Structure formats: C-alpha cells, structure tokens
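The values are calculated or read from the model by the stated rules, or taken from the named source; none is laboratory data. Predicted model only: the values in this text are computed from it and were never measured. We place every Cβ from the backbone using ideal geometry, glycine too, and count neighbours over all the protein chains shown.
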Amino acid sequence: MKGAMVGLAIIAALALQTSPFFGRNGAGIDLVLVVVVWAALQFGPAAGLLTGAAAGLAQDVLSAGIIGVGGFSKTLVGFGAGAVGSQFIVANAPTRFVVLLVGAVVNELVFLGLYAAIEQRGFDMPWRQAGARALATAVVGIVLMIASNAIPAFLTRRRLRRGY
C-alpha cells in the first residue's frame, strides 16, 4: 500500500511538473523533490532513498538533461531527510519546512555541482535563482504536506458524522 501511494504521488508530481500549468520551468518548484522528502519523512530513510532514486531518474528521463544527475541528488536528499526524520521528531510544520528547505538547497548544490563536474566547467552557482527555487519548493511543499495530513483526518470525521 505504501509503495502504491508513493508511486501515485510520483506520477502526479511528474505530471504536474511537466504540465503547461506550471510553465516551462515549473515556476521554480520541484514537486518531485517534495514527494521524495514527504516519503522519507513518512516511511524512513530506505523509502526516501528508493523514492529519490526512482523519482529522480524518472524526472531525468523526462527532461533534456543528463540521466542520473537528478536521480543521484534526489537519492541523497531522500536518504538524508529519512535519516533526520528517524532520528529527530519532525512532526510539526516548522521542522518539516526546515527539512524541506535544507533538502532543496542540498538538491540544488549537488545537481549543479555534478553538472559542473561532468561538463568540466567552473562551478558558477546562480545563488539567487537557486535560493528562490529552494524557498519556493519548501513553501509549496509544506502546504502540500499539511494538506496531505489534513485530508485523511477530514475524511474520518466526515465518515463518523454520517454514522458508517
């Protein structure tokens, strides 16, 4: 059940990320990274690692970039977020926001660093753009995480009110 839920979340994130609704660059928001961090915090480091690898490689295949770079960076972020989530209490929104923000920054650094190493050029990090992307991803991600936690509770309350 967990695997199916994570798989559907990856497919939904990839569909939204590549849809015209988000524009050419997805408005700077990495929904796939949000799914990776969510899965890591919900199910642990192993799930974060596997989700990061699968989602990152799928995103690489759908993009025009080098296959494997996004998969590697999301794998590291997924494992790291899962390890943090298993060692510390990351149940409330502010701590999840910090994990998302740090994960987005690490994803940007690893992704751009690997591209710089592969293409054998200098590491010219667009700091403002990367920071804006990381912040936008963390803000949208925390809203989605809060909503994902609120929906099951709402459905349970609704079912109890109806009496079945």
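No other residue among THR75, THR95 is crowded, with 16+ Cβ neighbours inside 10 Å and among the hydroxyl-bearing types (Ser, Thr, Tyr) apart from THR75.
None of PHE88, PHE72, PHE79 is among the aromatic types (Phe, Trp, Tyr), out of contact with any Lys or Arg (no Cβ under 7 Å at 6 or more places or on another chain) and at pLDDT below 95 except PHE88. Out of all the residues in the range 24-33, is one or more at pLDDT below 90, among the hydrophobic types (A, V, I, L, M, F, W, C), closer than 22 Å to LEU135 by Cα and out of contact with any Ser or Thr (no Cβ under 8 Å at 6 or more places or on another chain)? The answer is yes; a qualifying residue exists. Within the range 101-113, is there a residue that is of a type outside the set (S, T, N, Q), exposed (fewer than 14 other Cβ atoms within 10 Å of the Cβ) and either farther than 20 Å from GLN17 by Cβ or free of Cβ contacts under 8 Å to residues at least 40 places away in the same chain (or both)? No, the range 101-113 has no match at all. Checked against the criteria, ALA40 counts as surrounded by 18 or more Cβ atoms within 10 Å (Cβ to Cβ), at pLDDT 90 or above and within 15 Å of SER148 (Cα to Cα). Among residues of the range 6-19 that are within 17 Å of LEU50 (Cα to Cα) and surrounded by fewer than 18 Cβ atoms within 10 Å (Cβ to Cβ), none has a beta-carbon under 8 Å from a residue that is of a type in the set (S, T, N, Q) and modelled with pLDDT under 90 at least six positions away or on a different chain.
As a summary of the residue check, ALA46 satisfies the conditions (1) at pLDDT 95 or above; (2) loosely packed, with under 15 Cβ neighbours inside 10 Å; (3) within 18 Å of LEU114 (Cβ to Cβ) except for the one numbered (3).
For every residue, the table says whether it meets (1) in contact with a helix residue (DSSP H, G or I) (Cβ under 7 Å, 6 or more places away or on another chain); (2) modelled with pLDDT under 90; (3) of a type in the set (S, T, N, Q); (4) not in a helix (DSSP H, G or I).
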| position | (1), (2), (3), (4) |
| --- | --- |
| PHE97 | yes, no, no, no |
| ASN149 | no, yes, yes, no |
| PRO152 | no, yes, no, no |
| ARG157 | no, yes, no, no |
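Conditions (1) touching a residue at least 24 places away in the same chain (Cβ under 8 Å); (2) of a type in the set (S, T, N, Q); (3) not in a helix (DSSP H, G or I), marked per residue:
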site: VAL32; (1), (2), (3): yes, no, no
site: ALA39; (1), (2), (3): yes, no, no
site: ALA46; (1), (2), (3): yes, no, no
site: ALA54; (1), (2), (3): yes, no, no
site: LEU57; (1), (2), (3): no, no, no
site: VAL61; (1), (2), (3): no, no, no
site: ILE66; (1), (2), (3): yes, no, yes
site: PHE79; (1), (2), (3): yes, no, no
site: VAL90; (1), (2), (3): yes, no, yes
